[in-house]
Amino acid sequence: MIDSANALTSGDDGYLQDMGRRLAANVGRVIVGKEEVVELALVALLCEGHVLIEDVPGIGKTTLAKCLARSLGCSFQRIQFTPDLLPSDIIGINFFNQKLSEFEYRPGPLMAQVVLADEINRATPRTQSALLEAMEERQITVDGVTRGLPRPFVVLATQNPIELEGTFPLPEAQLDRFLIRLRLGYPDEREERAILARFAEESPLDSLEPVVDAAEMTDGQRRCRRTQMEASVQDYLVGLVRATRTHPATELGGSPRASLALFHTAQALAALRGRSYAIPDDVKLMAPYVLNHRLILTGQARLRGITVEAVMAEVLDTVPVPV
């Protein structure tokens, strides 16, 4: 049964739904179509989760990340990941201030609320690992001194999965830190014509203004956690994650962090759609975006041409949905 005392009030429903509509409409001024992708990105923002946007060049990965960042009245930094980028280039350094005769901390671009990590897989593993502490614990450590990051803190990362020359694939530990992975895909003919018309004279991104400030987003994240999920739906969620661990084609299934990610994203999706409770369809819709990038297939499965998407589809078909 839904605990009405702890569930979202009708005012909270409208608050989060209105916030989502404002953000989606603002992003929609630049991004043509892709309403589902934008909604999924907003789900991640409400969970204060990190987003990996993966697709071929020219699709609009960086543009989507910039639109989300500019729609939020938060401090923003962009990091262009390259092979020569060092950990100190992103977390900051301690330098000797001769005027004060003491060491002083100079913050790196990670000391922001929204960080765009562009082409993250072009940096070396050493630099990629510098993000782990920041993404999981919302803090960074420089020369033994730990500093908290401003909240909300979200990393929007992009990568090109096709051009592998000069790239360093993200390790499993890094991928597990991303709440969801998105792919935009090519626009259809109508959308591509609309893109030509929209960008004919100037980019609408240049005039994009924030529609939600940091305090409102933080409040929305807090309210989102009140969304209820019945025990039967929680059992279904746990069953899906556990099925990925026991599937014969997987070497590594979803972790407990993946279960929590699926739980919170289902809450956020329900809240954005104006409900005070999550339903099995919320869990089922979010499962591929939350779990696919966390699954590792066996060598035999890869040789047979089995894909992660096929495994996830089979899991969704076999785990019974609560009525």
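Things worth noting here:
- Here the helices (runs of 4 or more DSSP H) wholly within the stretch 132-244 that include at least 2 residues being of a type in the set (K, R) and either over 30 Å from T82 (Cα atoms) or over 19 Å from the mean Cα position of the chain (by Cα) (or both) are 189-198, 214-224.
- Filter result for L40 (surrounded by 14 or more Cβ atoms within 10 Å (Cβ to Cβ), at pLDDT 90 or above and assigned to a strand (DSSP E or B)): no
- Matching residues, the stretch 268-293, being under 28 Å from T218 (Cβ atoms) and in contact with a strand residue (DSSP E or B) (Cβ under 8 Å, 6 or more places away or on another chain): L269, A270, S276, Y277, A278, M286, Y289, V290, H293
- Some residue of the stretch 294-314 being assigned to a strand (DSSP E or B), among the hydrophobic types (A, V, I, L, M, F, W, C) and either closer than 16 Å to A243 by Cβ or at pLDDT 95 or above (or both): yes
- Test: residue in the stretch 226-235 that is surrounded by 13 or more Cβ atoms within 10 Å (Cβ to Cβ), in contact (Cβ under 8 Å) with a residue 40 or more places away in the chain and either within 17 Å of A41 (Cβ to Cβ) or in contact with a helix residue (DSSP H, G or I) (Cβ under 6 Å, 6 or more places away or on another chain) (or both): yes
Conditions (1) modelled with pLDDT of 90 or more; (2) charged (D, E, K, R); (3) in contact with a Phe, Trp or Tyr (Cβ under 7 Å, 6 or more places away or on another chain), marked per residue:
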| residue | (1), (2), (3) |
| --- | --- |
| L46 | yes, no, no |
| L52 | yes, no, yes |
| D55 | no, yes, no |
| L72 | no, no, no |
| T82 | no, no, no |
| I93 | no, no, no |
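- Some residue of the stretch 71-94 being surrounded by 23 or more Cβ atoms within 10 Å (Cβ to Cβ), part of a strand (DSSP E or B) and under 14 Å from the mean Cα position of the chain (by Cα): no
- Residue match in the stretch 183-202 (condition: surrounded by 12 or more Cβ atoms within 10 Å (Cβ to Cβ), touching a residue at least 60 places away in the same chain (Cβ under 8 Å), under 28 Å from I120 (Cα atoms) and touching a Pro at 6+ places or on another chain (Cβ under 6 Å)): no
The values are calculated or read from the model by the stated rules, or taken from the named source; none is laboratory data. Keep in mind that what you see is a predicted model, and the values were worked out from it rather than measured. Ideal geometry is used to build each Cβ from the backbone, glycine not excepted, and the neighbour counts take in all protein chains shown.
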